[in-house]
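Q: Got a structure for you, questions after.
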Amino acid sequence: MPILDSNSYHPHFLLRLPHFSTMLPNLLRRVDKPNYHRLRINTTDEDFLDLDYVKTGGEVVAIICHGLEGSTDRDYIRSIVNEMGENNWDSLAINLRGCSGEVNAIYGSYHSGKTDDLDLVVNYAIEEMNYQKIILIGYSLGGNITLKYVGERGTEINKNIKAAAAISVPVHLSDSAEQLAKRSNVIYMKRFIRMLKPKLKEKLLRFPQEELSLKELNSIRDFHGFDSLYTAPAHGFSSANDYWEKSSSLQFLKSIRIPTLLINAKDDPFLGPACYPFKEAEESVHFFFEAPDHGGHVGFASSLFEKGPYWNEKRMIDFFKEKVIL
């Protein structure tokens, strides 16, 4: 029954306010950029993925996946990469398609359930970089990809993948979309749509043959609108609801067969009730779920001007050391 207690997280009283905890890292956190080496790998659909690699000389590599409209330059990615280095573990941080600073080559892009790109990176790490010990880490959207990937493969997962961890994950996508559409979360929704629209306008200009109009694009106000207009048709889903249903990692958690940790704060403003898989953890010996009372969304700072790793990053390191012989 691997539901874990979170009695080790004791944030500053202001960080017990979920919106403050969520926004603080974006406002105050500054993490030194790792010594990235950029690698580009080609995909089977004539596109590319840009990876940022840090080698410390260790035998373990962490394959790391960021959240919606993030990149390897986000402070939470920089920090976990730096922590990997402190433990003599290498890092292979993925820039999802179109997130590396260069527009990707095809009309499609990335989405919450696109595990084939993660599989491509895993195989690259094994076949081209000769890694025998791999750990997977994902945040938010990237965490859903990570959990879905591990669960999809179940007992067939590559033996070189030793463990996984995910932070602040909308494991039930429609539940999260509904939560973010609430008035209390309008600041986040507006920010996401403001980030997504320019990329969609670029798609409109580069792929005029696709049935996408500027009027439709400008009408987008929430994820249902965005996923209905672009994500679903661009990636072979019949509707936004079809995309959400098939891409949610919740349904795959019961099939996980390697040590896997999920941390979702109970006060995460992005997550609704269905995003807290206590039942799945109770019925599993491999899937571990931890739900601290506070932390917001990809927050988990303990103090206002905290230097160094945040609580969730230290917690992942401890989990990997405890559950896996690395």
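Q: In a Gaussian network model over the chain where Cα atoms closer than 10 Å are linked, find which of 23, 84, 129 has the largest mean-square fluctuation.
A: 129
Q: List the extent of the Cα atoms of the stretch 151-203 along each of their three principal axes, largest first, rounded to whole Å.
A: 43, 30, 16
Q: Right, something else. What does the convex hull of the Cα atoms of the chain come to per residue, in Å³, rounded to a whole number? Working shown, then result.
A: On the way: hull volume 40.0 nm³, N = 326.
So the per-residue hull volume is 123 Å³.
Q: A further question follows. How do the peptides 315-323, 153-161 rank, highest first, by the average count of neighbouring beta carbon atoms within 10 Å per residue? Don't skip to the answer; put the middle values down first.
A: On the way: 315-323: 17.7, 153-161: 14.0.
With the highest mean Cβ count within 10 Å placed first, the list reads 315-323, 153-161.
Q: Name the most mobile residue of 68, 217, 28, meaning the one with the largest mean-square fluctuation, in a Gaussian network model of the chain with Cα contacts below 10 Å.
A: In the Gaussian network model the winner is 28.
Q: Over the stretch 81-210, average the accessible area per residue using a 1.4 Å probe and give it in Å², no decimals.
A: On the way: 5090 Å² over 130 residues.
Per residue, the stretch 81-210 has 39 Å² of solvent-accessible surface.
Q: Please report the carbon-and-sulfur percent of the accessible area for the chain; probe 1.4 Å, protein heavy atoms only, DNA, RNA and ligands left out. Kindly include the intermediate steps, with their values, before the conclusion.
A: On the way: 7220 of 14390 Å².
Carbon and sulfur atoms account for 50 percent of the accessible area of the chain.
Q: With θ set to phi - 60°, apply the Karplus curve 6.51 cos²θ - 1.76 cosθ + 1.60 along the stretch 29-39 and write out the HN-Hα couplings as whole Hz, x wherever there is a Gly or Pro.
A: 7, 9, 10, 4, 6, x, 7, 5, 10, 6, 10
Q: With a 10 Å cut-off between alpha carbons and a GNM built on the chain, which of 90, 116, 175 moves the most?
A: Most flexible of the set in this elastic network: 116.
Q: Something else about it: Run the simple label-point estimate for residue 303 and residue 193 please: 7 Å along Cα→C-beta, distance reported in nm.
A: Between residue 303 and residue 193, the simple spin-label model gives 4.0 nm.
Q: Taking 0.36 nm per residue of separation and subtracting the Cα-Cα distance, what length does fully extending residue 120 through residue 257 add?
A: Working: separation 137, 0.36 × 137 = 49.32 nm, distance 2.02 nm.
Between residue 120 and residue 257, full extension yields an extra 47.3 nm.
Q: Subtracting the Cα-Cα distance from 0.36 nm times the residue separation, let me have the gained length for residue 55 to residue 210 in nm, one decimal. The partial results should precede the final answer.
A: Working: separation 155, 0.36 × 155 = 55.80 nm, distance 4.13 nm.
Full extension of this stretch gives 51.7 nm more.
Q: For a quick check: with amide H placed at 1.01 Å from N, whose amide H comes under 5 Å from residue 60's, ignoring anything fewer than 5 positions away on the same chain?
A: 90
Q: Size of the dipole of the chain about the Cα centre, Lys and Arg at +1 and Asp and Glu at -1 on the beta carbon, nothing else charged, in debye to 20?
A: Values: 38 positive and 43 negative charges, 159 e Å.
That gives a dipole near 760 debye.
Q: Rounded to the nearest 0.05, what FRET efficiency do residue 282 and residue 155 give with R0 = 25 Å and r taken as the Cβ-Cβ distance? Could you check?
A: Working: r = 21 Å, r/R0 = 0.82.
Efficiency computed from Cβ-Cβ geometry: 0.75.
Q: Also: Just the number please: accessible area per residue for the stretch 249-326, 1.4 Å probe, all protein chains included, in Å².
A: Working: 3110 Å² over 78 residues.
That works out to 40 Å² per residue.
Q: Give the calculated FRET efficiency between residue 245 and residue 48 to the nearest 0.05, with a Förster radius of 51 Å applied to their Cβ-Cβ distance. Don't jump to the answer; show the numbers that get you there.
A: On the way: r = 29 Å, r/R0 = 0.57.
About 0.95, to the nearest 0.05.
Q: Going through the cross-link list 148/321; 254/323; 33/254; 55/203; 266/307; 133/246, which pairs have a Cα-Cα distance over 26 Å in this structure?
A: Working: 148/321 23 Å; 254/323 18 Å; 33/254 37 Å; 55/203 35 Å; 266/307 24 Å; 133/246 29 Å.
The pairs that break the limit, which is 26 Å between Cα atoms, are 33/254; 55/203; 133/246.
Q: Okay, helix-only estimate at 222 nm for the chain: each DSSP H run of n ≥ 4 adds -39500 (n - 2.57), divide by all residues, round to 500 deg cm²/dmol; what do you get? Intermediate values should be presented prior to the final figure.
A: On the way: 11 runs with 113 residues, N = 326.
Mean residue ellipticity, 222 nm, calculated: -10500 deg cm²/dmol.
Q: Which whole DSSP H helices in the chain pass both tests: a Cα extent of 20 Å or more along the axis and a mean Kyte-Doolittle value no lower than -1.0? Mind showing how you got there, number by number?
A: Numbers: long enough: 186-206 (30 Å, -0.21).
Span-like helices here: 186-206.
The values are calculated or read from the model by the stated rules, or taken from the named source; none is laboratory data. Everything numeric here is computed off the predicted structure, so don't read it as measured data. Because the Cβ atoms are built from the backbone with ideal geometry, glycine has one as well, and the counts that use them run over all protein chains shown. For the accessible areas, the whole protein counts, side chains as well, though only heavy atoms, and no ligand, DNA or RNA atoms are used. Shrake-Rupley method; radii C 1.70, N 1.55, O 1.52, S 1.80 Å.
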